[in-house]
Amino acid sequence: MIDILRLLSAFVVGGLISVTAQVLIDLTRLTPARILVLFVCAGVFIGAIGLYDIIFEFAGAGISVPLIGFGATVADGVREAVDKEGLLGILKGPFTAAAAGCSASLVFGYLICLLFKGKPKKS
Amino acid sequence: MEKAESYKKRIKLHTPPSALLKDSALAFLFGGAICLIGELLATLYIYLGISEKDAYTLVSVTLIFISALMTGLGIFDNIARHAGAGTLVPVTGFANSVVSPAIDNRSEGLILGVGAKIFTVAGPVILYAVLSGTVFGIIYYITKLFI
C-alpha cells in the first residue's frame, strides 16, 4: 500500500526545494516574505509550462507541499477555467484553485488568534 | 602583501565554518521531512477513498492547521529557528506567516489588529499568485485562439 520510492522522492524533492530557498536566504539576504512570493510565482510558472505535473508524478507531496505547489494549483485552475469559460476564466481561475489553501489559512489563523494570546515580544 | 595574506589566513582560522552548509543540511532535513509527512497523509487519504486531487489539497489543509496550532502554542518558532527554509518553504511557513502577525497584533483589536495583520504576508503571496496566474491565463487564452 505504501510506496516507499514515492515517499523517498517526496523527501528528496521537498528537501532540495528547501535547500534552494536556504541558499537564497543565506547568500542574498532575501527576506522570508520575498522568498514566499518568489516561490509562489515560480510555482505558477512551473505549473504553466507543465513541468509541475511531471515532477508531481513521482514526487507527490514533495512538490505539492512547498509553496510551489500552491502556485502550480493556481496555474492549473486558470487553465481549467479558461478551457471551460473562456475569457472570464482568466479572472475566475486563480481564486477558484487557491480557495482551499487561502480559506484554510485565514479561518484557522483567525481561530488560533482567538484561542491564544500573543506573547509579549522578547528583546 | 605577505602580511595581508597571513592575516586573511588567520581570520579564516578563527571564523566559524560557513553557516551555509549547516543551514542547508537542516533545511533539507526539515523540508524533506515535512513533505514526507505530507506524502504519508496523502497515502492515508487516498486509502480512505478520497480522490487523488482532493487528497493532496487536504494534505495542505492539514499541514496548515498543524502549523497554525503550533504557532499559537509557540512551538513553531522554536522549530523554525533551526529549520530555516525547511519550515518556511512548505505551506507550513505560509500558515505561520498568516497566524504570527495576527496574534502579535491582537491587542490592536479584531478588525485592524487581527483582520488587517493576518494579510501581512498572505496578502503579497496571494496578490502575486493571482497576478502571475492572470498573466498566464491571458497568454493561455491567446495561444488557444491560434492553436
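Values in this text are rule-based calculations from the coordinates and carry no lab data. All values derive from a computational prediction rather than experimental measurement. A quick note on method: Cβ atoms are made from the backbone with ideal geometry, for glycine too, and the neighbour counts reach across all protein chains shown.
Summary table
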item	result
Test item: Cα-centred dipole of the stretch B:2-104, Lys/Arg +1 and Asp/Glu -1 on Cβ, debye	680
Chain B: DSSP helices with Cα axial extent of at least 27 Å and average Kyte-Doolittle hydropathy no lower than 0.5	B:19-47, B:52-73, B:122-146
Cα-centre dipole for chain A with unit charges at Cβ (Lys and Arg positive, Asp and Glu negative), debye to 20	840
All-pairs alpha carbon distance profile, the stretch A:1-119, 5 Å steps from 0, percent	2, 11, 15, 18, 17, 16, 12, 6, 2, 0
Size of charge dipole - the protein assembly as shown - debye, nearest 20, with Cβ of Lys, Arg +1 and Asp, Glu -1, no other charges	1160
Mean Kyte hydropathy of 0.5 or more with a Cα span along the axis of at least 18 Å, helices from DSSP in chain A	A:4-28, A:32-48, A:89-115
Rg and Dmax [Cα atoms of the protein assembly as shown; Å; Rg one decimal, Dmax integer]	20.3, 72
Directionally averaged projected area (convex hull, Cα atoms, chain B), nm²	17.0
Computed [θ] at 222 nm, helices only, for the protein assembly as shown once each DSSP H run of length n ≥ 4 contributes -39500 (n - 2.57)	-26500 deg cm²/dmol
